[in-house]
Each structure stands twice: as C-alpha cells, then as structure tokens.
1. What residue, of 85, 107, 116, is in contact (Cβ under 8 Å) with a residue 12 or more places away in the chain, assigned to a loop (DSSP other than H, G, I, E, B) and at negative phi?
2. Any residue in segment 36-47 that's assigned by TED's automatic domain parsing to the domain that holds residue 22 and among the basic types (Lys, Arg): show its pairings with residues that are part of a strand (DSSP E or B) and modelled with pLDDT of 95 or more at Cβ separation under 9 Å, as long as the two are six or more apart or on different chains.
3. Please go through segment 39-82 and give me each residue that is part of a helix (DSSP H, G or I), more than 13 Å from the chain's Cα centre (by Cα) and not aliphatic (A, V, I, L, M), ordered by number.
4. Looking at residue 99, is it at pLDDT 95 or above and in contact with an Asp or Glu (Cβ under 9 Å, 6 or more places away or on another chain)?
5. Just name the residue that is farthest from residue 28 (Cα to Cα) out of those in segment 74-86 that are of a type outside the set (Gly, Ala, Ser) and either surrounded by fewer than 15 Cβ atoms within 10 Å (Cβ to Cβ) or in the same structural domain as residue 142 (by TED's automatic domain parsing) (or both).
6. Assess whether residue 20 counts as being more than 30 Å from residue 146 (Cα to Cα) and modelled with pLDDT under 95.
7. Among the listed residues 17, 86, identify the single one that is closer than 22 Å to residue 142 by Cβ and among the hydrophobic types (A, V, I, L, M, F, W, C).
8. I need a count of the residues in segment 100-118 that are among the β-branched types (Val, Ile, Thr) and over 20 Å from residue 38 (Cβ atoms).
Amino acid sequence: MAADLAPLALSVRDVVLVGAGHAHVEVLRSFARERPANVQLTLITRADKTPYSGMLPGLIAGHYQPDDMQIDIGPLARQSGARVILTDAVGLDASVGQVLCRNGLRIRYDVVSLDIGSTPNTQGVPGAGAHAIPVKPIDAFLARFDDA
C-alpha cells in the first residue's frame, strides 16, 4: 500500500486515517515496511485497540477470550511512524481539508480515508431490541456478549 502512495509523496503531506478498521491496520503495516517520504500519517480512533472480526466466530464458540481478538494499535502506529489521536471524528470540513474531532481538535489532511465500520439500524425490526445483539460495531457487541 505504501508503494501505491509513493507517487503522491511529493504533493501529499498529511494522510489521515479515521477509524482503526482492517483496511487502516493494513495501511499502518504497509507504512511500517516502507514509509513514503514527506508523508505524515495520522490515525484518529476512539480506542487504542481494535477487535479483529475474523476471530469473532471462535470467540462465540468459546475458543477465544475477548482480549485474544484485540489488535493493539500503539506498537503498530510506532512502527509505521503514525501519530495516533484517541478521540471520535465527528465531521469533515472539506472546504479547508480538516477532520473535526469530538475533543475539539481539527486535524488537517491532504488525503483522508474513512474506515469506521457500520452500525445496523434495528429500529424497524420487531423484537430486535429485546432479542438480538447486533454484531456491529464489534466493541459494543463484545460488551453486550460478555453480559449475556
């Protein structure tokens, strides 16, 4: 992935990743292997760990504990040279190239990538609130699964 950004390195200085989903974990790994010159990589995420959804069936089956499926973002960010900002992104101001954060920060970007996952809308599904635990977002599922 870093090699794909190499042609942008002369013109792009600030690459901001919003969310620590699979795609952004792979970008961090790629930057850890080979970081393009003149690129500042920033990850905005609400948590310093992100669950690996590929292990979710094994967790439900009792083969793993919730901590087993967590990817620790800190070491990966350090290896990639990325700065990590622990907060939620709440908006974009594309007119000035900024990500707006819940903590009041405005993070400048030349390129922004959103990997924030999904949240199903179960409001129109009769009985879903009382009888179902949505899998996404996974951290909310894990909290409810532990309680079940």
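The values are calculated or read from the model by the stated rules, or taken from the named source; none is laboratory data. What you see is a predicted model; the values in this text were computed from it and never measured. As a convention, Cβ positions derive from the backbone with ideal geometry for all residues, glycine included, and neighbour counts pool all protein chains shown.
1. Result: 116 is the single residue among 85, 107, 116 that is in contact (Cβ under 8 Å) with a residue 12 or more places away in the chain, assigned to a loop (DSSP other than H, G, I, E, B) and at negative phi.
2. Sorted first by the residue in segment 36-47, then by its partner, the pairs are 46/86; 46/89.
3. 54, 57, 58, 66, 67, 68, 75, 78, 79, 80
4. Criteria met by residue 99.
5. 86
6. Spelling it out, it is not the case that residue 20 is more than 30 Å from residue 146 (Cα to Cα) and modelled with pLDDT under 95.
7. Result: 86 is the single residue among 17, 86 that is closer than 22 Å to residue 142 by Cβ and among the hydrophobic types (A, V, I, L, M, F, W, C).
8. 1
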